[in-house]
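All remarks here apply to the structure that follows.
The values are calculated or read from the model by the stated rules, or taken from the named source; none is laboratory data. If you're wondering where the values come from, they're calculated on a predicted model, not measured in any experiment. Using ideal geometry, Cβ is built from the backbone for each residue, glycine included, and neighbour counts are taken over all protein chains shown. We work out accessible area using only protein heavy atoms, side chains counted, and drop any ligands, DNA or RNA first. Shrake-Rupley method; radii C 1.70, N 1.55, O 1.52, S 1.80 Å.
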Amino acid sequence: MMKFKMLALSASSAVAFSCAHRLPAPPGSEVNRKVLEYKVQEGETLLKVGKQYAVAPSSIQKMNRLSASEELKPGQLIYIPVSEAALSPSDSEGRGRWVERADALSEENLPETGRRAYLYSQYRQLEFPLANGRVQSHFGPRSGRAHEGIDIFPKGEKNIVAAQAGTVEFVGKKRGYGLTVVVNHKSFKTLYAHCSRTFVKEGTPVKMGEKIALVGATGNAHGVHLHFEYQNMNNIAMDPLPHLDRDFAH
Ligand SMILES: [Zn+2]
């Protein structure tokens, strides 16, 4: 399992979740820019990472909603807006991974919404949060809005489990999301929405695969399902699917 340094929680952490469904899908026509999901290594700074990919540090800062003085931490996941040409082939095998928006980037500095990953993680990072469930709606633009997670419909199993070990950060109702659990995993967070019941309390640790809630249809849900999100520590939603995909796991 990966090791991460503890990250400080930002005070604005609750905000991005609650407005996730109301963000408009980004427009755009430019095709040569892509977004790299990148895991920060020991000793790396914004300047260093920016130099490596020929991107202004301020662009990385804005895309990841980092404050001006914020330093990168090892293990932190960030997005880097890069041109394809700036990447070496090793990036597709190593620490970085391509993510792609259905709408190409028009403005690199916009906080990202609606991306779709197409290169996959080399490791399985997350437990599938609803066993046997079917993913029926993917991450990305949906009906003109950003869908910041995936929808998993139950097939028999009703228990939602923690996708990885972490600490319960939030249990309660969120607008649109209904009864929701957020688990903090130090370098990222997972969110479980539309629950009918929860079994965990804020501030308590959970194990990977531990039962945390029952699938439901609370909030703005069409039918009983789990809306599952994967976010970095700056509340940028990322496509959870690559981190769940069994075919690419080892
Ligand atoms: Zn959803």
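May I ask you to say which residue of Glu148, Glu157, Glu169 is touching a Gly at 6+ places or on another chain (Cβ under 9 Å) and within 13 Å of the ligand (Cβ to nearest atom)?
Among Glu148, Glu157, Glu169, only Glu148 is touching a Gly at 6+ places or on another chain (Cβ under 9 Å) and within 13 Å of the ligand (Cβ to nearest atom).
Return a yes/no flag: does segment 156-165 have any residue that is surrounded by fewer than 18 Cβ atoms within 10 Å (Cβ to Cβ) and closer than 28 Å to Gln76 by Cβ.
Taking every residue of segment 156-165 in turn, at least one turns out to be surrounded by fewer than 18 Cβ atoms within 10 Å (Cβ to Cβ) and closer than 28 Å to Gln76 by Cβ.
If a residue must be touching a Ser or Thr at 6+ places or on another chain (Cβ under 7 Å) and either assigned to a loop (DSSP other than H, G, I, E, B) or of a type in the set (Lys, Arg) (or both), how many such residues does segment 189-202 contain?
Matching residues across segment 189-202 total 1.
Check segment 207-226 and report whether any residue there is part of a strand (DSSP E or B) and closer than 25 Å to Val40 by Cα.
No.
So, Gly172, is that one farther than 23 Å from Gln76 by Cα and modelled with pLDDT of 95 or more or not?
Yes; evaluated as a whole, the condition is true for this residue.
With the condition kept exactly as written, say whether any residue in segment 173-188 is more than 16 Å from the ligand (Cβ to nearest atom), buried (at least 21 other Cβ atoms within 10 Å of the Cβ), without any contact (Cβ under 8 Å) to a residue 40 or more places away in the chain and not in a loop (DSSP other than H, G, I, E, B).
Taking every residue of segment 173-188 in turn, at least one turns out to be more than 16 Å from the ligand (Cβ to nearest atom), buried (at least 21 other Cβ atoms within 10 Å of the Cβ), without any contact (Cβ under 8 Å) to a residue 40 or more places away in the chain and not in a loop (DSSP other than H, G, I, E, B).
When segment 126-155 is examined, which residues are found to be assigned to a strand (DSSP E or B) and surrounded by 21 or more Cβ atoms within 10 Å (Cβ to Cβ)?
The answer is Ala146, His147, Ile150, Asp151, Ile152.
For segment 189-200, indicate whether the set of residues that are buried (at least 22 other Cβ atoms within 10 Å of the Cβ) and either more than 20 Å from Asp151 (Cβ to Cβ) or among the charged types (D, E, K, R) (or both) is non-empty.
Yes, segment 189-200 has at least one match.
Regarding Arg97, is this residue of a type in the set (Lys, Arg), open to solvent by less than 60 Å² (accessible area, probe 1.4 Å) and modelled with pLDDT under 90?
Yes, satisfied.
Would you be able to say whether some residue in segment 197-216 is within 20 Å of Gln76 (Cβ to Cβ) and either of a type in the set (Ser, Thr, Tyr) or within 13 Å of the ligand (Cβ to nearest atom) (or both)?
Checking segment 197-216: not a single residue is within 20 Å of Gln76 (Cβ to Cβ) and either of a type in the set (Ser, Thr, Tyr) or within 13 Å of the ligand (Cβ to nearest atom) (or both).
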